[in-house]
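Attaching a single structure in structure tokens format; questions to follow.
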Amino acid sequence: VEPLIGTLDFDSGKTDGLKREQKTLRELSGLFADEAAFALELAKDPSRLVYEVFTLQPDENAAHLACHVTIIQPGTVGKEFFFTKGHLHQIQETAEIYLCIKGTGLLLLQRESDVRTVKMQPGTIVYIPPRWAHRTINIGDTPLVFFSVHRADAGYDYRASTQFLKRILKKHNNEGYEIHNSF
Ligand code: F6R
Ligand code: ZN
């Protein structure tokens, strides 16, 4: 395997040499709590960008690492802040490391009924142990940018995306966020 080289500009959040994938509103159907607000936003602009993932990873997976840069746009559906779908890894013993580069967010970690929220701001490093589902939420009004690394053959299990027990909502007429139960 040849060395792979990409760049991330810490000021602008722009990447180069990484493969881009995007998630628009229509791909997040069924995930936000307020279905009426979601329908409204979808009608306005179904291809509104919620987040992008930029990947640097070799084609061969075994014994390699994958790294990603995620950029979550600021925004809400109803009062709920924009987030990533969230997942577990198919290979359950996968751990992952996150490093926040820009913006303000929360990392929601969940293992069965155990839920943690970690504040993400530039410089925050989080080790996500195996078997903890993870979703990231942009609670600021600028893009949230973070870098992550895990074994390249980990795979993704998105069944976790509908099973998060907490939701992060914007405070009424206020700065900041509050954490609510999902169900
Ligand atoms: C990779 C990882 C991140 C997320 C990305 C998008 O294991 O945790 O790179 O993949 O933040 O989130 P999802 O994959 O949940 O749509
Ligand atoms: Zn992950």
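Take the conditions open to solvent by 50 Å² or more (accessible area, probe 1.4 Å), more than 16 Å from ligand 2 (Cβ to nearest atom) and either small (G, A, S) or farther than 27 Å from G78 by Cα (or both) and apply them to S113. Does it pass?
Taking the combined requirement at face value, the residue satisfies it.
G105 versus (1) among the small types (G, A, S); (2) open to solvent by 10 Å² or more (accessible area, probe 1.4 Å); (3) within 13 Å of the chain's Cα centre (by Cα): which is the lone unmet condition?
So the condition that G105 fails would be (2).
Let me ask another. Considering only segment 125-183, give the strands (runs of 3 or more DSSP E) lying wholly within it that have at least 3 residues that are surrounded by fewer than 17 Cβ atoms within 10 Å (Cβ to Cβ).
Ranges flagged: 177-181.
Still on this structure, I have one more. Is it fair to say T55 is open to solvent by less than 40 Å² (accessible area, probe 1.4 Å), among the β-branched types (V, I, T) and more than 24 Å from L169 (Cα to Cα)?
yes
Right, something else. Of all residues in segment 96-115, how many are near ligand 1 (Cβ under 10 Å from one of its atoms) and in a loop (DSSP other than H, G, I, E, B)?
The qualifying residues number 0.
While we're here: Is segment 78-94 home to any residue that is under 17 Å from D11 (Cα atoms), in contact (Cβ under 8 Å) with a residue 12 or more places away in the chain and open to solvent by less than 60 Å² (accessible area, probe 1.4 Å)? Before you say what the answer is, go through the steps one by one.
Keep residues of segment 78-94 that are under 17 Å from D11 (Cα atoms), which gives none.
There is no residue in segment 78-94 that is under 17 Å from D11 (Cα atoms), in contact (Cβ under 8 Å) with a residue 12 or more places away in the chain and open to solvent by less than 60 Å² (accessible area, probe 1.4 Å).
For the structure I just gave you, tell me whether A133 is at pLDDT 95 or above, within 11 Å of ligand 2 (Cβ to nearest atom) and out of contact with any helix residue (DSSP H, G or I) (no Cβ under 8 Å at 6 or more places or on another chain).
So A133 does not fit the description; no.
The values are calculated or read from the model by the stated rules, or taken from the named source; none is laboratory data. As the structure is a prediction and not an experimental result, all values here were calculated from the model. Heads up, the Cβs are rebuilt from the backbone with ideal geometry, glycines too, and the neighbour counts pull from every protein chain shown. Heads up: the accessible areas ignore ligands, DNA and RNA and are worked out on the full protein's heavy atoms, side chains in. Shrake-Rupley method; radii C 1.70, N 1.55, O 1.52, S 1.80 Å.
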